[in-house]
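The values are calculated or read from the model by the stated rules, or taken from the named source; none is laboratory data. Owing to the predicted nature of the structure, the values given are computational and were not obtained by experimental measurement. Quick reminder, even Gly has a Cβ in these numbers, built from the backbone with ideal geometry, and neighbours come from all protein chains shown. Quick note on the areas: whole protein, heavy atoms, side chains included, nothing else; ligands and nucleic acids left out. Shrake-Rupley method; radii C 1.70, N 1.55, O 1.52, S 1.80 Å.
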Amino acid sequence: MALQAASFSPTTSVYKDVYAAGTVVLKDTGLSGVPFSVLIELKSKSLILRDKGRLPVGAVRAQTATVSEINQAPLEGNKTLRKGNVIITGASSGLGLATAKALAETGKWHIIMACRNFLKAQMAAKSAGIAKENYTVMHLDLASLDSVRQFVASFRRSGMPLDVLVCNAAVYLPTAKEPTFTAEGFELSVGTNHLGHFLLTRLLLDDIKQSDYPSKRVIIVGSITGNTNTLAGNVPPKANLGDLRGLASGLNGLNSSTMIDGGEFDGAKAYKDSKVCNMLTMQELHRRYHEETGIAFASLYPGCIATTGLFREHVPLFRLLFPPFQKYITKGYVSEEEAGKRLAQVVSDSSLEQSGVYWSWNKNSSSFQNQLSKEASDVEKARKLWEISEKLVGLA
Ligand code: NDP
Ligand code: PMR
């Protein structure tokens, strides 16, 4: 039942969200008129400060916690009564939005929707019916390392503890004839899907380490199409990072190739390569940090969610035929709702807590630990990818 004393600082001038027994938010400009001692008193009696967004500045409405409210809280290990806080990148559509909805509906999670389009994310949350008190939208453009750093700074200013990070956002540019680039000049697919998430995860690890939540996790969404030990992973162009020479020389198309393996630009391959990077990064995080921090690192293939915005750049005929092809021929199709429930399991189920695992689901939707391809589980490549990525994002 650990409320965070620091979050009650009476001098703070930013919004503070303090999640106690399912409830929140001091919309504060100094908590004027409420002595800190009173807050301590409230805290010790397990009272809840409840904001409905209509309190005048300085006014604090207190309400006694009911048994049922306390019971709503995640009690795994009885370590804390507050809601879990989870950041989901790219939660404005598809899998990310469906996961946010699934988690919000449990009443046990507050979702920080980390999105490049603030308004789109707000509207998406609203039309998905996610209750206002269960989410916060924060701006994050993974195609800009400055934006990643700014996001981390604003998240820290919010005062919220961080318990789980889900790296979900991605772009897929299968029809691009020419490469496009991130703000720092990296090829856009690998720059966004891998490098942006790499920096974000590295910076937020410190925050997750400090969490008192019973189960701390970092999840990076992978895919079957990056795994060449599957039929789907053998559809050309196949993922292949080679010796990482393109990445090592900057992936910028100026003094280097725009592809990780040093080859000619191919948007579909760049996406699949980026997914291999995601899966390698998860395992390297596990090797480097799991034992020391207790954080569980995982990746997953949620199923083929053939209707999402991921295919927005594909030709119209593909977009028309892909869903029935996956539904009736490969039978790999899964709805956004079902995929969201799967990712939500990886966020919160105690049965999916193991670290270093790549999760998949079989036809009757039960989860299992899947095998990664030889390349996607290559320890030496993961280490090299880590070291090069550190340099590219300015951490080494
Ligand atoms: P969507 O296109 O619906 O979702 C992708 C999200 O990423 C969107 O919210 C998008 O924002 C966001 N995004 C893109 N670029 C950036 C950026 N620069 N900064 C911040 N956010 C960004 O696709 P899916 O839901 O299908 O994809 C989600 C994850 O699932 C991806 O990691 C994908 O690789 C993975 N996946 C998908 C499969 C599928 O069959 N669809 C299968 C296997 C894995 P915006 O809304 O503004 O465009
Ligand atoms: Mg694939 C069991 C077979 C299977 C599965 C599960 C997928 C998933 N795909 C399968 C088979 C095939 N696909 C076959 C036989 C073909 C040749 C006709 C095929 C083709 C195909 C294309 C052109 N598939 C695709 C594309 C895409 O553009 C998608 C892609 O690669 O996006 C990167 C895609 C996908 N197939 C999948 C999944 C999950 C995808 C998309 C997603 C991803 O990795 O994010």
Determine, for each peptide in 133-141, 120-128, 266-274, the mean count of other beta carbons within 10 angstrom over its residues, then list the peptides with the highest first.
-> 266-274, 133-141, 120-128
FRET E, pair Glu264, Phe118, Förster distance 25 Å, beta-carbon r, rounded to 0.05 = 0.10
With all protein chains in place and a 1.4 Å probe, Thr330 shows an accessible area in Å² (nearest 10) of 70 Å²
At 1.4 Å probe size, with every protein chain present, just tell me what the per residue accessible area of region 324-396 comes to in Å².
-> 54 Å²
Which length gain, in nm to one decimal place, applies between Glu338 and Val315 when the Cα-Cα distance is subtracted from 0.36 nm times their residue separation?
-> 5.7 nm
Stretchable slack from Asp146 to Thr175, in nm (0.36 nm times residue separation minus alpha-carbon distance) | 7.6 nm
Alpha-carbon centroid distance for the pair region 111-165 / region 343-376, whole angstrom | 25 Å
Name the long-range amide H neighbours of Ile112: under 5 Å, sequence gap of 5 or more, or other chain; modelled H, no Pro or chain starts.
-> Val86, Ile87, Ile88, Thr136
What's the extension gain from Ser365 to Lys238 if we count 0.36 nm per residue and subtract their Cα-Cα distance?
-> 43.0 nm
Sort region 214-364 into rounded, prolate or oblate with this rule: let a ≥ b ≥ c be the square roots of the eigenvalues of the Cα gyration tensor; rounded if a/c is under 1.5, and if a/c is not under 1.5, prolate when a/b is larger than b/c, oblate otherwise.
-> oblate
Of Tyr301, Tyr358, which has the most accessible area with a 1.4 Å probe, and how do the rest follow in descending order?
-> Tyr301, Tyr358
Can you pull the percent of region 281-381's accessible area that's carbon plus sulfur, 1.4 Å probe, other chains left in place?
-> 52 percent
Taking the simple approach of a point 7 Å from Cα along Cα-to-Cβ for both Arg383 and Tyr328, what is their distance in nm?
-> 5.1 nm
Virtual spin-label span in nm between Asp212 and Leu395, 7 Å along Cα→Cβ | 2.7 nm
With respect to the cross-link table entries Lys269/Lys384; Lys132/Lys275; Lys216/Lys269, which display a Cα-Cα separation exceeding 23 Å?
-> Lys132/Lys275; Lys216/Lys269
Over region 102-261, what is the percentage of antiparallel beta bridges among all DSSP beta bridges, to the nearest 5?
-> 10 percent
Relative to the Cα centre, what is the charge dipole magnitude of region 286-353, using +1 at the beta carbon of each Lys and Arg, -1 at the beta carbon of each Asp and Glu, and rounding to the nearest 20 debye?
-> 340 debye
Measure up Lys101/Lys391; Lys83/Lys341; Lys126/Lys238; Lys108/Lys209 against 27 Å on the Cα-Cα distance and list the ones that go over.
-> Lys101/Lys391; Lys126/Lys238
